[in-house]
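See structure below.
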Amino acid sequence: MTETTHDLLVIGGGPAGYVAALRAAQLGLDTAVIDERERFGGTCLNVGCIPSKALLESSHRFASVDLDLAEHGVITGKAKLDLGAMQKRKDEIVSRITKGVSALLWKRKVKTYNGRAKLAGPGKVNVSSTDELELTAKHIIIATGSESASLPGIEIDGKRIGTSTEALAYDEVPKHLVVIGAGAIGLELGSVWSRLGAKVTVLEYLDRILPGMDLATAKAAQKALESQGLTIELGVRVTGAKTTKTGCTVKADGRSPLRCSHVLVAVGRKPYTDGLGLDTVGITIDERGRIPVNDGFATSADGIYAVGDVIEGPMLAHKASDEGVACVERIVTGYGHVNYDAIPNIVYTSPEVASVGKTEQELKEAGVPYRKGAFPFIANGRAHALGDTTGQVKILAHKETDRLLGVHIIGPHAGDLIAEAAVAIEFGASSEDLARACHAHPTLAESLKEAALAVDRRALHI
Ligand code: NAD
């Protein structure tokens, strides 16, 4: 057993862990990061955000050839699919980006270990790999992320019935894909395979899609997705799924079994702490499997911190990275925090759905008085030039102070447009501030300015 000491050990090399390690190295800590995956970058870079966005882009282009190009006066033949090439492109992007993370860590002199880490008492971590290692450090950050959740009664075989990992790697277009769960994963991957020719049925337990997102915006997203050919059935509680000789069957309360070729289980994710040795340092997980932390990300064990999907809060890569940075800054400087009111959330369907801050439902429940302004992309010149006028920008501001409380966008490039709203909320801006800021013409962002003007009933272009 080889023994080594560092100032800081980070367990997990995803967006929470590798970013924490980079910041720690900047601040002068002798830092090491451990991951059981060969490639750094965690779920997000390997089997999550990055590969799904690659497939969303490719499938969007495939679907656009037949749908959109003729409208632009561009006449092509019918699009043909080379799924192997599409998957290869995705794999190459993942390889490039994960290599980039390793290069960043190497440049900053962060030591990397490949193997499975297990806490072995205060300040100690054992790494099982080809060479058994015992690492010690004054500070340890747990950033082990999350794994796909499933349901009792679902027999995941990793081929026909699988999670997002399998649905990112199908080597044929499913004939009929049943997606269980209408959250971001289900709708993004459902969109990919629907665009490539699969029949897609989404079964959702709730009476709405995209739980947590603004309700009216989610309803508009449902309508748009249905018009693209996805079947979305609400109020359906799936109770089981299994493979048969010819495909799969999905069982749900009160209905006859649904036959299909593939099943994507997208019912959420759960914190990943299996075999981590939390008991050796006296950490107890909560009822949802999360590691409890205080506002400085410290766990109940001295010198041990946790950030990202393994703690409370939305399971989003950028939230995890910001926590990694704030945690390290707290350790080194005593300062550092995350503003949970200014974390954007984006669903990369077409149209994109993006939000930051509070929803109308949350404001109503909390009894916060607000004013609302909305502006549709159909009244935006750039949206017409793009050929995509679906959706709108909705702005919620405090009724008395005018402070921005929430911004919800559905439409073209919503995921990029939301950045302006996140910055405005972070700076404590009012809707008046947003309305008075000069916005370039012709841009989609003008719709944010107009929606801000609409809060005060003085939008100009509608
Ligand atoms: P989710 O929690 O967002 O959605 C899961 C859905 O499954 C819910 O709507 C739930 O009601 C439904 N469901 C649960 N049990 C069911 C049952 N028995 N029958 C039918 N429906 C059922 O989870 P997800 O989409 O799997 O995503 C997991 C996490 O990853 C989320 O935190 C999400 O924010 C994150 N993520 C984010 C992005 C993004 O930001 N673009 C992309 C992918 C994943």
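With a ≥ b ≥ c the root eigenvalues of the C-alpha gyration tensor of region 342-455, is it rounded (a/c under 1.5), prolate (a/b larger than b/c) or oblate? Prolate shape, in that a/c is at least 1.5 and a/b is the bigger ratio. Model label sites at GLU57 and ALA216, defined 7 Å from Cα along the beta-carbon direction, differ in position by 3.3 nm. Computed over protein heavy atoms with a 1.4 Å probe, the accessible surface of the chain works out to 47 Å² per residue. Under a model in which nothing but the beta-carbon of Lys, Arg (+1) and Asp, Glu (-1) is charged, the chain shows a dipole of about 1000 debye around its Cα centre. What does the charge count near HIS439 come to, summing +1 for each Lys or Arg and -1 for each Asp or Glu among other residues with Cβ under 13 Å from its Cβ? Local charge sum for HIS439: -1. Under 17 Å between alpha carbons: how many lysine pairs meet that in region 65-146, if sequence neighbours fewer than 8 apart on the same chain are excluded? Qualifying lysine pairs in region 65-146: 10. By DSSP, the beta bridges lying fully in the chain are antiparallel in about 55 percent of cases. Maximal additional length on extending the TYR335-LEU69 stretch stands at 90.5 nm, based on 0.36 nm per residue less the C-alpha distance. Rounded to 0.05, the FRET efficiency of the ALA440 and HIS384 pair, given R0 = 22 Å and the Cβ-Cβ distance, is 0.85. For the chain, the relative contact order is 14 percent, taking Cα pairs closer than 8 Å that sit 6 or more residues apart in sequence and dividing their mean separation by the residue count. Before anything else, pin down the relative contact order of region 34-145: Cα pairs under 8 Å, at least 6 apart, normalised by residue count, whole percent. The value is 31 percent.
Are there DSSP H segments in the chain that both extend 15 Å or more along their axis (alpha-carbon positions) and score a mean Kyte-Doolittle hydropathy of at least 1.0? List them, or say none. Qualifying helices: 414-426. Computed on protein heavy atoms with a 1.4 Å probe, the accessible areas place TYR272, TYR335, TYR205, TYR348 in the order TYR335, TYR205, TYR348, TYR272, largest first.
Its DSSP H runs of at least 4 residues, each contributing -39,500 (n - 2.57), put the calculated 222 nm mean residue ellipticity of the chain at -10000 deg cm²/dmol, to the nearest 500.
Using R0 = 56 Å, the C-beta based FRET efficiency linking TRP106 and ASP456 works out to 0.60. Across the accessible surface of region 161-267, with the other protein chains kept in place and a 1.4 Å probe, carbon and sulfur atoms take up 50 percent. Counting only residues at least eight positions apart within a chain, or on another chain, the lysines with an alpha carbon under 22 Å from that of LYS245 are LYS159, LYS175, LYS199. Were the residues from ASN294 through SER227 laid out at 0.36 nm apart, the gain over their Cα-Cα distance would be 19.6 nm. Among the protein heavy atoms of region 342-455, carbon and sulfur supply 54% of the accessible surface, probe 1.4 Å, non-protein parts ignored. Projecting the Cα positions of HIS413, VAL74, LEU105 onto the charge dipole of the chain (unit charges on Cβ atoms of Lys, Arg, Asp and Glu, taken about the Cα centre) puts VAL74 furthest along the positive direction.
The values are calculated or read from the model by the stated rules, or taken from the named source; none is laboratory data. Bear in mind that the values here come from a model prediction, so they are computed numbers and not experimental data. So basically every Cβ, Gly included, is an ideal-geometry build from the backbone, and we count neighbours across all protein chains shown. Please note that ligands, DNA and RNA were not included when accessible areas were found on the heavy atoms of the full protein model with its side chains. Shrake-Rupley method; radii C 1.70, N 1.55, O 1.52, S 1.80 Å.
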